[in-house]
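J.: Before I ask anything, let me first share the structure, which is written out below as structure tokens.
The values are calculated or read from the model by the stated rules, or taken from the named source; none is laboratory data. Just so we're clear, the structure is a prediction, and the values are computed from it rather than from any experiment. Methodologically, a virtual Cβ is constructed for each residue, glycine included, from the backbone with ideal geometry; neighbour enumeration extends over all protein chains shown. SASA here: full protein model, heavy atoms, side chains in, ligands and nucleic acids out. Shrake-Rupley method; radii C 1.70, N 1.55, O 1.52, S 1.80 Å.
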Amino acid sequence: MWRRLPARRLASALLSSLPVTSAAAPRAPPLERRLLPATSGLPPPPRFLSWQQDPRWFASSAAAEAVSSEEAEELHQALEIFRAQPNQNQPPPPVEEQQASGRDHRGRHRRNRRGQQAQVAAAEHGMTYHKYASLRRRQIRIETEAWEQAAKEYRELLADMCEQKLAPNLPYIKSLFLGWFEPLRDQIAAEQELVAGRGSRASHGPYFNMLPADMMAVITMHKLMGLLMTGSGDGSVRVIQAACQIGEAIEHEVRIHRFLEKTRKKSNKEKENEEEICDSDIANEQQRLRKKVTDLMKKQKLRQVRKIVKNQDDSRPWGQDAHAKVGSRLIELFIETAHIQPPASQSSDGLPDIRPAFRHEMRTVPKEQQKLSRRYGVIKCDPLVRQGLDRTAKHMVIPYMPMLIPPICWTGYDKGAHLFLPCYVMRTHGARQQREAVKRTPKEQMQSVFEALNTLGSTKWRVNKRVLSIIDRIWSSGGRLADLVDRTDVPLPEKPDTEDETLLKKWRWHMRSVKKENSERHSQRCDVELKLAVARKMKDEEGFYYPHNLDFRGRAYPMHPYLNHLGSDLCRGVLEFAEGRPLGESGLRWLKIHLANLYAGGVDKLSYDGRIAFAENHLEEIFDSADRPLEGKRWWLGAEDPFQCLAVCMNLTEALRSSSPETTISHIPVHQDGSCNGLQHYAALGRDKLGAIAVNLVAGEKPADVYSGIATRVVEIMRMDSQKDPSTDPDAARARLILDQVDRKLVKQTVMTSVYGVTYVGAREQIKRRLKERGVIADDAELFGASCYAAKVTLTALGEMFQAARSIMNWLGDCAKVIACENEPVKWTTPLGLPVVQPYRKLGRHLIKTSLQVLTLQRETDKVMVKRQRTAFPPNFVHSLDGSHMMMTAVACKRQGLNFAGVHDSYWTHACDVDTMNTILREKFVELYDTPILENPAPILSFEYTAANSDVEAKSFTG
């Protein structure tokens, strides 16, 4: 950009870009909340003072109590205003005058604005100002001090060990962390000294001195262990994933601490002592820089000028290359310093078996999966470390915890949600075109989307302590109940003492199956531990909030990844609305219906009166479940969603035993679920009356059940196949084997995902899991064959019953193919104004040489993936429509005073408000489809090559 600028314009731009000496122009830029783009090469790092050289580095959270994202924006605007002011011909005002007017004005303005915002936020959510301010201070500490507090804890434990000359009695994993911490910290400190020395050419060097060694050690340990916990279950994680995430976490912490350090509050005494010296030093420094730039410009030395300006611009993101290099070096140091020793009971009488806790190894990519590279590196932990992973969660630093105060309202791509943690309104996963499309969209067009996300984030939750205590009891007893995974592994089969190859082959097959089962159990145990760790941390809070953002299709998700209402039955059973509302007559009725829906097993398909009768006929079991969940009859364990069922049993028991059931306060979210929601949208798109009846878009005496309809048709086909000769048709034997196993539960997942593009392989795996759960077919080969057959028959039945939906899917796919063949991604705008760009492009590779290994980063190319663009468009388009419907409903419910939560096609509110929500969600569905989207696609489908100028004919799907 510099080559095309005339010398005078370049000089003017450079001079105006330098900070000026004014009390009203803060030197600290706002905390960056941008997606860190992948850039080629390493950009110049920000000019930070080395933490060792600055005793003021550790800024306390008190320094940031007054700093919110709005104030950061205010600082940024002030800086820009002063940068743009001409000052060559006008001398700056006296320092005393700047201090007197600027400081007083800014202080009053910020205090007033801050106080007004806090009061408004507190009033909106029913809090006093002081309570809101107290929670806000705690939230700031959670977001800014998590890593520092962990490092402090390890330092204190080490000090205690030295003082008492005794090892503390710590849990297994905590003791490992403590043992690894000191060597890793010391090694990082030595590396920092090395790269700070003159002549160091380490590529990670410029970024290595921006945090204290102990904080970098803690981040490295916890991030790597967290990735191992949430990984594949075999105790390994890819180097590229670990390095990039650790490097990114280091940068985020650097930015937060630098921001807090620059904006910290100073005591009045410090201000009096430092103001005069500081102001004069700043003035002298900036005057010297201005003179130097002017002199260099006169001499046409543009390279030196650019260097000065780059050094002044200290807010540039590091980039993915820097993340990978910093993360790789930290992992390498961790591997070198972390060791493990078996317990005394497992050790031999000889020398102690001290071995590395982690090792770096290379693996070969299977031939059928080779795309960009043939080999990849992994970090694998020792089996002793892996054994303790499922007990690690309680000792981990978990980022993006639920917020104690309502999230900041979304106002832009990277403006909203958490106070200090980086937040983006859309999860683009590096898709440049999608990111730029959202950034370019006018704020007015995105207003409905922002309002919906703010509404979802403002719902206040709390932990149901009674349900959590039951889960803790089951988990501490080994799991196995209420769909909780068994905490023990399946014993490995013994190798048969034979040379019979058939028996050996069967044994190897069984061994692989058991190892896979144990790996899956390990992953599930880690997942449960993470969820329970968050629940235990939040159980004593009066309430908390989940900030939401979007995927690229426009579906909303909570930003916290573990304990949220989109999760499993465990999560949903533990969570409830923080605000309670009286049931009322309507609410008591809906609570009984909700109980029947959760119990399921066919009960949820009865009429409303039938479901109410089910609840009333089982009052004895409901009371027993609430009073003695584990000691009694355990009726609730028979429910399809047992923990949610238990929570409702407790609430219903309290209401029915009350002298006035209608006045009983309920915190339970009651669900209203779509009936195969994808098919509902296709029926509405095509005005398909028969399809609408099948998926309950048309009212009936009792709910239509599309899954039972498909299951019935599958049974008919299998019954015909079973009558054939097994010697000539292998499907005959398979039909006879699984005919009695076909029911709505077997086919439900395949039917649900069929409209979202499920493949034959996906359907086969779904059905295989259901059959395996039932344990009817013991032989793995027979199980695989039966799953293949059942998947084929289920997809055939689907094609027969939903021809209109299939024709719409095919037409949308044909449109996408025409666009993709022109090397254009499919783009459209949702009814709420959100731009969507399908991200499927061919990937290139970018090699980075790190201290650990050469890493291959994937980069988007300019070539789109035609097949992927075609197959993904129909399900993505429908997802964008159901996301729009959910957000429209959320905003309307909020305006009616309802608490609302949404899980895609499942809408939640208090029992007493279900009737109101039902009316709203139907009105919004009609409003969404009042526009004939397929008959006139131009306003919605904003791609360049539409059906009008291609060989794809526009079709009418109206029934």
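J.: Averaged per residue, what accessible surface does region 560-624 expose to a 1.4 Å probe, in Å²?
T.: About 36 Å² of surface per residue is accessible.
J.: In whole percent, and with a 1.4 Å probe on the protein chains, what portion of the accessible area of region 581-666 is carbon and sulfur?
T.: Here carbon and sulfur together make up 48 percent of the probe-accessible area.
J.: So which GluC sites (Glu not before Pro) in region 697-778 are both in a DSSP loop and have at most 15 other Cβ atoms within 10 Å of their Cβ?
T.: Passing both the DSSP loop test and the Cβ count: Glu701.
J.: Among 506-518, 913-925, 406-418, how do they line up by average Cβ neighbours within 10 Å per residue, starting with the highest?
T.: 406-418, 913-925, 506-518
J.: Set the Förster distance to 35 Å, then compute FRET efficiency between Ser708 and Gln433 from the Cβ-Cβ distance, nearest 0.05.
T.: That pair, Ser708 with Gln433, gives E of 0.25.
J.: Per the Cauchy relation, a quarter of the hull surface: what is the mean projected area of the convex hull of the alpha carbons in region 686-822, in nm²?
T.: 10.5
J.: Calculate one ³J(HN,Hα) per residue across region 827-834 by plugging θ = phi - 60° into the Karplus curve 6.51 cos²θ - 1.76 cosθ + 1.60, and present them in order as whole Hz with x for glycine and proline.
T.: 10, 7, 10, 6, x, 8, x, 7
J.: Fully extended, how many nm does the chain gain between Leu690 and His846 (0.36 nm per residue separation, minus their Cα-Cα distance)?
T.: Between Leu690 and His846, full extension yields 50.9 nm more.
J.: What residues qualify as long-range amide H neighbours of Met426, i.e. H under 5 Å apart, gap of 5 or more or another chain, H built at 1.01 Å from N?
T.: So Met426 has HN proximity to Leu550.
J.: Counting only protein heavy atoms and using a 1.4 Å probe, what share of the accessible area of region 686-822 belongs to carbon plus sulfur, as a whole percent?
T.: Carbon and sulfur atoms account for 54 percent of the accessible area of region 686-822.
J.: Right, another one. Assuming R0 = 22 Å, can you tell me the calculated FRET efficiency for the pair Met161 and Glu336, based on Cβ-Cβ distance, to the nearest 0.05?
T.: Result of the calculation: an efficiency of 0.45.
J.: Filter Lys460/Lys745; Lys772/Lys867; Lys689/Lys894; Lys792/Lys867; Lys516/Lys863 down to the pairs with a C-alpha to C-alpha distance above 26 Å, please.
T.: Cα-Cα > 26 Å for Lys460/Lys745; Lys772/Lys867; Lys689/Lys894; Lys516/Lys863; rest within.
J.: Right, something else. Sort 439-448, 790-799 for me by packing, meaning the mean count of neighbouring Cβ atoms within 10 Å per residue, highest on top.
T.: Going from most to least packed, we get 790-799, 439-448.
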